[in-house]
Amino acid sequence: MSSDRPDYQVFCGLDVGKDGHHATALNPAGRRLHDAPLPNDEARLIELFDRLARHGRVLVVVDQPASIGALSVAVARAQGHDVAYLPGLAMRRIADLHPGQAKTDARDAHVIADAARTMPHTLRRVDVGEEALAELEVLIGFDDDLAGEATRISNRIRGLLTQIHPAAERVLGPRVAHPAVLELLSRFGGPTGLRQAGHRRLTSTAVKHGPRIGQQLVIDLLTALDQQTVTVPGAAAAETVLPKLADSLRTVLAQRAELAVQVEERLDAHPLARVLTSMPGIGVRTAARILLEVGDGSAFPTSGHLAAYAGLAPVTRRSGSSIRGEHPPKGGNKNLKRAFFLAAFASLADSNSRAYYDRKRAEGKRHNAALICLARRRCDVLHAMLRNRATYQPRPATAA
């Protein structure tokens with residue numbers, strides 16, 4: 001954004017809100033050209049941008065490019081204006097440089113506009129104008145909600161099983177999302193219903209929905225059921241609740257599977273999809289999340305900038321001779337950091353990634369610390385891939 005700064009004659013900061021925004025516009029010298037509430041209405045947005053355009057080239061900066069700020073971004077782009085995004089953490093830190101402690105929409109809009117005028121390096125590009133990214137953001141957001149719901153239901157099922165029959169939970173709990181386990185719980189309920197179903201019915205049901213694990217699953221389950229003879233209070237109610245929970249979890253998982261197909265279709269429409277998914281450990285959902293958070297990567301001059309934004313770069317803490325060393329960062333983009341971490345874990349099946357991970361474990365690092373190191377190394381590779389628009393090229397394992 002900094003290279004475009006001399007061309008801008010107006011820096012318009014929008015503190016966006018659900019019903020209305022506050023707009024503050026500054027010229028390069030810092031003089032206010034506009035400072036007033038702005039309804040979240042297309043006609044009023046067009047009127048403001050057209051009036052500001054009389055002073056010259058306009059840069060519109062928002063504090064939230066999606067959801068409540070999406071209309072402002074779309075209207076600004078349709079009018080031919082450049083749009084940027086000031087992250088919330090940067091905005092809060094910049095606000096401390098301004099006098100006063102008040103927290104108002106007018107002050108926040110001024111902080112945004114002044115940051116665009118004086119500190120363009122703090123801005124990020126807004127890519128929601130691309131149709132593929134806009135649709136991906138909606139689908140991935142819904143998928144995140146479904147993932148949270150699936151985790152909640154899974155934990156509820158495991159909690160009930162632990163309460164009434166711990167031995168059965170040790171068999172079914174780790175595989176609670178498997179179709180065979182869900183079908184057993186849905187058809188026969190809890191431990192009492194499973195025991196009454198008998199070996200033959202359990203086996204036919206489990207093998208139908210899990211050919212590879214069905215028989216062994218039933219053997220382990222019946223062995224676990226025989227380990228407890230007493231009936232725990234609440235078991236009867238659990239027998240009626242567990243089938244409903246299993247059906248709910250199956251529905252959520254089916255929705256996620258259907259959504260994954262839609263995400264893949266939208267992702268294929270983006271030119272960087274092939275670049276991202278060529279890297280070991282990066283699947284459809286992870287690629288979509290990375291694409292949403294970093295765009296084409298041009299906002300990050302080096303891989304170090306990308307790693308710092310993702311919260312993967314270690315932070316040096318030094319105070320005289322008493323406090324030294326590097327520590328894991330506490331900030332960063334949580335969604336991006338999680339995507340890099342999960343991708344690093346999934347890449348352990350790759351020989352190069354496994355060799356690097358094993359080397360870090362041999363140095364004494366724990367599992368999570370070694371994965372963070374691997375994610376940081378992969379961040380360098382991913383940045384180069386995005387910069388060169390090149391797919392992943394594996395190196396011999398000995399080079400790692």
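Which order do Cys12, Cys373 fall in if you start with the one that has the fewest other Cβ atoms within 10 Å? Fewest-to-most Cβ neighbours within 10 Å comes out as Cys373, Cys12.
Helix 131-164 versus the longest principal axis of the chain: what is the Cα-based angle in degrees, 0 to 90, to the nearest 10? The helix 131-164 is inclined about 30 degrees to the chain. When peptides 76-85, 218-227, 108-117 are sorted by average Cβ neighbour count within 10 Å, with the highest value leading, the order is 108-117, 76-85, 218-227.
Over region 111-259, the ratio between the Cα radius of gyration and 2.2 N^0.38 Å evaluates to 1.52. The helix-only estimate of mean residue ellipticity at 222 nm for the chain, built from DSSP H runs of length n ≥ 4 each weighted as -39500 (n - 2.57), is -18500 deg cm²/dmol after division by the residue total. Of the residues Val75, Val261, the one with the fewest other Cβ atoms within 10 Å heads the list, and the complete ranking is Val261, Val75. Other residues with beta-carbon under 14 Å from the beta-carbon of Phe142 carry, at +1 per Lys or Arg and -1 per Asp or Glu, a net charge of -3. Once the Cβ-Cβ distance of Gln9 and Thr229 is raised to the sixth power relative to R0 = 56 Å, the FRET efficiency obtained is 0.10.
Only the coordinates and a few stated rules stand behind these numbers; no lab work does. Computed from a predicted model, the values in this text were never measured in an experiment. Don't worry about glycine lacking a Cβ; one is built from the backbone with ideal geometry, like all the others, and counts go over all protein chains shown.
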